[in-house]
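Report on the structure given below.
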Amino acid sequence: MHLTSNLMEKISDLSRKQRMLILIFIDVILFWCAIYSSFLLVEQHPFNSEIISYDWIFPAILIIGIPFYIFEGEYQGLTKYLGSQALYKIALSNFKVLFILFNLGILLGFYNYSINLWIIFWILTTISNGGVRFLLRDILLFSLSNKNTNTRVVAIYGAGLAGAQLAASLTLAKSHQIKVFIDDAPHLWNRTLNDIPIKSPDYLNRLKGQIDQVLLAIPSLQRNRRKVILENIQKKGIPILEVPSVEDITSGNAQINDLRVIHIEELLGRRPVDPDQTLLLTGISGKVVLVTGAGGSIGSEICRQIISLRPMKLILLEFHEPSLYSIGEELKGFNQDNINILSILGSSTDRVLIENIFNEEYVEIVFHAAAYKHVPIVEYNPIAGVQNNILSTKVICSSARNCGVEKVVLVSTDKAVRPTNVMGASKRLAEIIVQEFAKETKTKKINLTNEKVNTCFTMVRFGNVLNSSGSVVPLFRKQIASGGPITLTHAKINRYFMTLKEAAQLVIQVAVLSQGGEVFLLDMGKPIKIRDLAERMILLSGLTFKDENSKEGDIEIIETGLRPGEKICEELLIDPSSQRTSHPLIYKANEVSSENPNFWSKLNELEEQLIQRDIKKTLALLLELVPEWEMGATHKI
């Protein structure tokens with residue numbers, strides 16, 4: 001066995017020219033053996049007793065067959081990628097060689113060769129010359145598999161066409177060793193596909209520790225069924241990868257063996273909300289759009305969605321230079337319609353800058369996503385958090401009204417509802433500012449000139465966004481990668497979740513649905529326990545979690561206690577009543593804004609205290625303007 005392996009390795013190490021010469025030599029021998037065997041078989045046949053000399057045919061095969069093989073490209077193909085079509089090509093080439101030899105025999109006067117001789121010759125050469133090529137292919141693949149020490153042992157879930165194609169690709173690449181196929185169809189169980197057994201899903205219970213991954217190869221699987229399969233595999237603690245979707249494969253964007261990781265958002269209970277394309281296009285197409293905080297998680301995704309909706313111009317406003325550069329370069333990569341993208345480095349609290357942008361660029365729609373949103377950071381840096389979140393909103397709204405901007409959409413958060421932290425209180429005050437501007441616009445009908453328009457002020461509120469910079473998902477993923485532990489503030493804490501894409505599309509659709517002063521929100525289903533999220537992410541990584549019941553697990557989950565200002569449960573509405581919109585999963589509510597008759601004077605006073613950096617007076621004014629704020633012990637006045 002060791003000698004055979006050494007011989008295989010030596011063959012695989014030969015150069016392309018050396019392999020071709022060996023193959024030509026083998027073909028010469030096989031041609032001669034085939035014709036000799038054919039004559040022997042025909043001479044023994046009772047109906048062929050008179051055979052004329054066949055000495056001429058040996059040199060003739062050499063002179064005709066090998067050059068013809070070279071002309072037909074039989075020595076050009078990559079042997080290790082040889083498929084069944086190669087055998088058909090060999091058969092056709094042999095038929096052509098046979099045809100030439102047959103006619104040459106007639107020219108030489110050898111008329112009484114039996115037709116059976118040529119048929120047998122064709123069969124033998126096809127089998128032998130084709131067989132030797134497949135043998136060399138298997139030698140090369142065997143050698144490659146021995147050299148590849150990083151081969152992963154996998155089970156392919158799905159014994160259909162996609163599974164068979166994936167198995168063929170992986171076998172050829174020798175990057176994976178396929179141990180078994182898993183399929184839901186009972187009629188396939190205990191059969192084989194390319195000599196690989198097909199088993200039921202229950203068989204996965206026996207494979208724990210024997211395989212490195214499960215590869216899901218059912219690209220057309222229905223969402224609900226797919227979710228059940230993923231959860232069943234996940235519970236077994238085996239990492240999962242899957243083939244691309246049918247759309248990606250048919251469009252040429254991906255190949256069957258472009259395996260991708262299953263993301264945690266795909267296992268969450270709520271189904272992603274599809275946008276109303278009419279709302280998206282109506283709100284953006286042909287418009288001059290400004291996005292503040294364009295380099296942040298939400299802002300950058302809003303920009304990605306907007307650029308595909310063909311605005312006249314997209315203006316990116318961002319205070320953080322690397323983030324502005326990053327999103328600007330990314331947008332250039334898929335700006336197929338050559339939309340004018342303007343990147344502006346600056347703060348949305350800079351009134352002069354904002355009004356210059358509005359007037360010089362004729363801005364029509366503003367998506368105000370610039371904000372400090374990390375609860376612990378804002379809690380310990382209240383001046384910076386309040387100044388950025390509140391003053392930027394006031395500057396954007398007043399400048400928009402003065403410059404005749406059509407719409408301003410504030411991106412808000414569920415933490416603004418009955419806030420328990422400075423960040424939530426600052427965002428609630430930002431909402432009130434938007435509501436107050438909307439109320440004034442409606443009651444006073446502000447219209448500075450005939451060329452100006454009454455600005456529509458509105459806002460959209462949503463919960464946690466998966467994979468945003470403030471989400472627990474990137475944190476948990478990093479903690480799992482480093483071997484744990486996962487840090488959790490409280491076992492009962494829960495949150496609403498949505499994807500970045502959903503959040504951005506929701507914000508854009510609001511620009512069309514809004515009439516002024518409303519708060520819009522998405523039906524986010526049921527909240528999810530953060531501990532459940534952590535456990536699922538651990539299992540999705542092919543690991544197990546460690547707790548009191550399973551001390552042998554891989555990743556420990558530790559409770560650290562609630563942070564200052566952190567809630568167990570978040571809410572989306574102050575007033576529980578809401579109305580449906582034209583989008584079945586987008587709701588709106590007309591909440592009461594400020595009941596403080598001195599709202600604007602108090603806001604101006606707050607602005608003065610921020611300039612003075614007086615934390616005590618700043619927080620006192622914030623509490624007066626947002627009386628529902630449950631101030632934590634950190635900032636008790």
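Bear in mind that the values in this text are calculations on the coordinates, not laboratory data. Note that the structure is predicted; figures quoted are calculated from it, not measured. Please note: Cβ atoms are built from the backbone with ideal geometry, for glycine as well, and neighbour counts cover all protein chains shown.
Other residues within the sphere of radius under 14 Å centred on the Cβ of Gln213, judged by their own Cβ, net out at +3 (K and R +1, D and E -1). Calculate, in whole percent, how much of the Cα-Cα pair population of the stretch 266-349 lies beyond 18 Å. Of the Cα pairs, 44 percent sit more than 18 Å apart.
Could you pull out which residues in the stretch 380-401 have an amide N less than 14 Å from a spot 7 Å beyond the Cα of Arg613, following the Cα-Cβ vector? 381-385, 387, by backbone N distance to the label point.
Listed by Cβ neighbour count within 10 Å, with the fewest neighbours leading, Ser285, Ser347, Ser426 appear as Ser285, Ser347, Ser426. Legend: residue pairs Lys373/Lys602; Lys442/Lys492; Lys227/Lys415; Lys373/Lys407; Lys427/Lys529; Lys236/Lys373, Cα-Cα distance threshold 32 Å; pairs beyond threshold, Lys442/Lys492; Lys236/Lys373. A cut-off under 14 angstrom between Cβ atoms defines the neighbours of Leu606, and their net charge, with Lys, Arg +1 and Asp, Glu -1, is 0. Counted by neighbouring Cβ atoms within 10 Å, the residues Tyr496, Tyr362 run from fewest to most as Tyr362, Tyr496. In plain terms, the residue of Val153, Val507 with the fewest other Cβ atoms within 10 Å comes first and the most crowded comes last, giving Val153, Val507.
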